[in-house]
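Read through the structure below, which is laid out as structure tokens, and then see the notes.
The values are calculated or read from the model by the stated rules, or taken from the named source; none is laboratory data. Predicted, not measured: the structure shown is a model, and the values here were computed from it. Cβ coordinates were reconstructed from backbone atoms using ideal geometry, including for glycine residues, and neighbour counts include every protein chain displayed. The accessibility values were calculated without ligands, DNA or RNA, using every heavy atom of the protein model including side chains. Shrake-Rupley method; radii C 1.70, N 1.55, O 1.52, S 1.80 Å.
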Amino acid sequence: MSGSMGTYNMCMLFKRRIRITEAKPPRDVKEAFNKYAEGGSQMTAEQLRWFLVEVQGEKDASISDAEGVVEQVLQKRRRIAEATRRYTLTLDDFHYYLFSAELNPPIGAKVNQDMTAPLSHYFIYTGHNSYLTGNQLNSDCSVLPIIKALERGVRVVELDLWPDDNAKDGVRVCHGCKGLTLTHPVEPIECFQAIEKHAFSASPYPVVITIEDHLTPELQAKVAQMITKTFQDVLFYPQSECSKEFRSPEELKNRIIISTKPPKEYLQAQSGKEKGHNLQKGKASDEQDMSDSDSQEHNQDDEEDGDDELHPPGECTYKSLIAIPAGKPKGGLKEALKVEINKVRRLSLSEHALEKAASSHGMDVVRFTQRNLLRVYPKGSRLNSSNYGPIIGWTHGAQMVAFNMQGYGKHLWLMHGMFRSNGGCGYVRKPDLLMKVGPDNHVFDPKANLQLKTTLKVNVYIGDGWHSDFKETDFDMFSPPDFYTRVGIAGVPADKIMKETKIIYDNWTPVWNEEFTFPLTVPELALLRVEVQEYDMAGKSDFGGQSCLPVWELRPGIRAVPLFNNKGDKYNSVRLLMRFEFV
């Protein structure tokens with residue numbers, strides 16, 4: 001099938017023109033068409049239904065579902081007139097359907113998990129320093145990254161509140177205290193208003209605002225007034241200061257939740273000020289590192305006053321707004337992970353502190369996260385807003401693996417991949433293995449060598465769309481690109497692996513048709529990584545797109561996989577045709 005032309009320089013004197021062809025159906029697609037069309041040149045809606053049931057694993061597909069697919073394909077291919085005469089597809093129509101990321105995506109688009117369990121039973125899409133536009137040192141603070149994160153489905157937004165005599169209300173949102181960073185502040189009321197407007201644009205499930213609070217009681221009262229006035233009836237008021245169990249995402253739909261340390265006397269909060277200002281130098285020890293973010297939230301107790309007074313809606317005290325108390329208990333790591341029968345709370349650890357906890361107290365972390373919330377945040381030395389590997393947090397049950405959403409790269413791709421699960425609603429139910437309690441209080445051991453549970457077979461057929469989304473010389477000035485695909489698993493150490501296809505030279509529509517096999521011990525925590533590179537003999541390969549998909553939600557059969565850029569934004573046209581099968 002003919003396509004457009006590309007022009008390339010040859011030896012600086014000559015030009016060559018190369019025809020860019022459209023992707024043709026691979027062998028497996030042709031064989032499937034011939035089988036289900038029973039050797040004919042047209043596939044009926046009933047024949048398509050059998051294909052959906054037997055190959056695509058859509059056991060409940062009805063004849064009306066198949067007719068709907070046929071009508072959409074013909075409509076998109078501007079052949080709607082044919083749909084009024086007969087519901088049939090040609091081979092090219094069938095291939096068009098399979099290669100459409102809109103009509104034939106690799107995972108579902110709807111919430112499919114039980115949302116009635118306590119919040120501690122879910123991984124939650126969590127941002128870190130959500131107001132920063134770039135690096136941690138001198139980028140501007142703005143509401144724009146908050147809005148973008150919420151529109152992507154992020155459910156936890158972090159705000160750092162600092163006193164500022166020059167600010168309108170005496171409070172600013174900024175990263176770090178005066179003199180340590182050069183970030184330009186933003187008004188807290190602007191952040192609250194942006195959250196109120198965009199909180200539920202991507203998901204109806206609750207948004208948690210985690211506050212790193214450096215304020216006096218007077219300024220806390222001002223912030224409480226801002227919060228109650230902005231969010232009004234949408235704000236969730238806790239019934240008591242001490243909850244025995246968190247509520248569920250379903251109960252908290254369309255609600256805003258405040259999480260921060262319970263306020264103490266301001267001078268008491270200042271007692272550890274010097275420790276809290278180690279933004280650039282890092283922490284002196286892991287035990288200083290066991291509570292919130294990079295600063296003073298590390299320096300308070302998590303003790304409650306034991307007051308069970310109810311807080312009626314509209315009450316404007318700062319303390320009454322805190323639905324998820326956070327903080328650091330007295331003592332070391334073991335004490336921090338203590339599970340209390342009559343109280344749930346949120347604990348925060350830096351990525352480094354989590355590594356230490358995982359090494360020495362891994363099963364204690366799992367026990368803690370079965371009832372309580374654990375937030376993990378990037379170490380302070382990540383000034384360029386890079387991120388850490390999130391898998392270790394998830395394998396230990398950490399609900400809030402906090403990421404710099406304005407960042408880029410492989411670890412952020414994994415975060416995006418995890419939260420494509422469950423319809424992209426921002427809450428993913430933790431697998432049963434992390435919630436089970438066996439004899440002698442035994443829980444999942446992240447270090448254990450587990451038996452093989454299933455095997456995923458992946459076939460990478462073809463790729464297309466680069467010639468639409470890129471300039472013809474973006475990859476190579478002198479010839480079409482030389483694409484290859486890396487495909488593999490991110491998960492527990494036993495499942496982690498990456499493999500590569502062969503290189504297809506000088507072709508905008510590469511055909512690989514290669515199959516890979518991935519044995520999995522914990523498929524419930526496995527993410528399928530797909531990455532296309534353009535081979536460069538002279539140096540580092542050029543990036544051609546990536547996707548990351550939750551293995552537990554992969555739809556079997558032949559599927560179109562859309563690719564995303566380095567920051568996780570979806571390309572308009574670039575996609576791969578792949579096949580998934582569990583054996």
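Okay, here's what the table says:
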| quantity | calculated |
| --- | --- |
| Within the range 501-515, considering residues that are over 15 Å from Val458 (Cα atoms) and among the aromatic types (Phe, Trp, Tyr), the one least open to solvent (accessible area, probe 1.4 Å) | Trp508 |
| Residues (in contact with a strand residue (DSSP E or B) (Cβ under 7 Å, 6 or more places away or on another chain), modelled with pLDDT of 95 or more and open to solvent by 10 Å² or more (accessible area, probe 1.4 Å)) located in the range 563-572 | Phe564, Asn565, Lys570, Tyr571 |
| Conditions (1) open to solvent by less than 10 Å² (accessible area, probe 1.4 Å); (2) out of contact with any His (no Cβ under 8 Å at 6 or more places or on another chain); (3) of a type in the set (A, V, I, L, M): number failed by Ala202 | (1) |
| Qualifying residue in the range 549-562 (condition: modelled with pLDDT of 95 or more, of a type in the set (Phe, Trp, Tyr) and more than 22 Å from the chain's Cα centre (by Cα)) | no |
| Residue match in the range 329-342 (condition: modelled with pLDDT of 65 or more, surrounded by fewer than 22 Cβ atoms within 10 Å (Cβ to Cβ) and within 30 Å of Glu218 (Cβ to Cβ)) | yes |
| In the range 412-425, residue surrounded by the fewest Cβ atoms within 10 Å (Cβ to Cβ) [restricted to those that are of a type outside the set (Phe, Trp, Tyr) and touching a helix residue (DSSP H, G or I) at 6+ places or on another chain (Cβ under 9 Å)] | Gly424 |
| The range 88-120: number of residues that are open to solvent by 30 Å² or more (accessible area, probe 1.4 Å) and hydroxyl-bearing (Ser, Thr, Tyr) | 3 |
| Strands (runs of 3 or more DSSP E) (entirely within the range 466-583) containing at least 2 residues that are in contact (Cβ under 8 Å) with a residue 24 or more places away in the chain | 483-490, 511-520, 527-534, 542-550, 557-564, 570-582 |
| Test result for Leu527, buried (at least 17 other Cβ atoms within 10 Å of the Cβ), out of contact with any helix residue (DSSP H, G or I) (no Cβ under 7 Å at 6 or more places or on another chain) and not small (Gly, Ala, Ser) | no |
| Selection from the range 354-389 of residues that are closer than 14 Å to Ala402 by Cα and part of a helix (DSSP H, G or I) | Leu354 |
| Residues located in the range 246-265, provided they are open to solvent by 40 Å² or more (accessible area, probe 1.4 Å) and either touching a helix residue (DSSP H, G or I) at 6+ places or on another chain (Cβ under 6 Å) or modelled with pLDDT of 95 or more (or both) | Arg247, Glu250, Glu251, Lys253, Asn254, Arg255 |
| The range 324-356: number of residues that are within 24 Å of Tyr388 (Cα to Cα) and touching a residue at least 60 places away in the same chain (Cβ under 8 Å) | 8 |
| Residues that are surrounded by 14 or more Cβ atoms within 10 Å (Cβ to Cβ) and modelled with pLDDT under 95, drawn from the range 447-466 | Leu450 |
| Flag if Gln406 is closer than 25 Å to Pro439 by Cβ, open to solvent by 10 Å² or more (accessible area, probe 1.4 Å) and in contact with a Gly (Cβ under 7 Å, 6 or more places away or on another chain) | no |
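Yes/no per residue for (1) part of a loop (DSSP other than H, G, I, E, B); (2) closer than 24 Å to Leu554 by Cβ; (3) at pLDDT 95 or above:
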position	(1), (2), (3)
Asp65	no, yes, yes
Ala81	no, no, no
Phe94	no, yes, yes
Tyr97	no, yes, yes
Pro106	yes, yes, yes
Val111	yes, yes, yes
Thr116	yes, no, yes
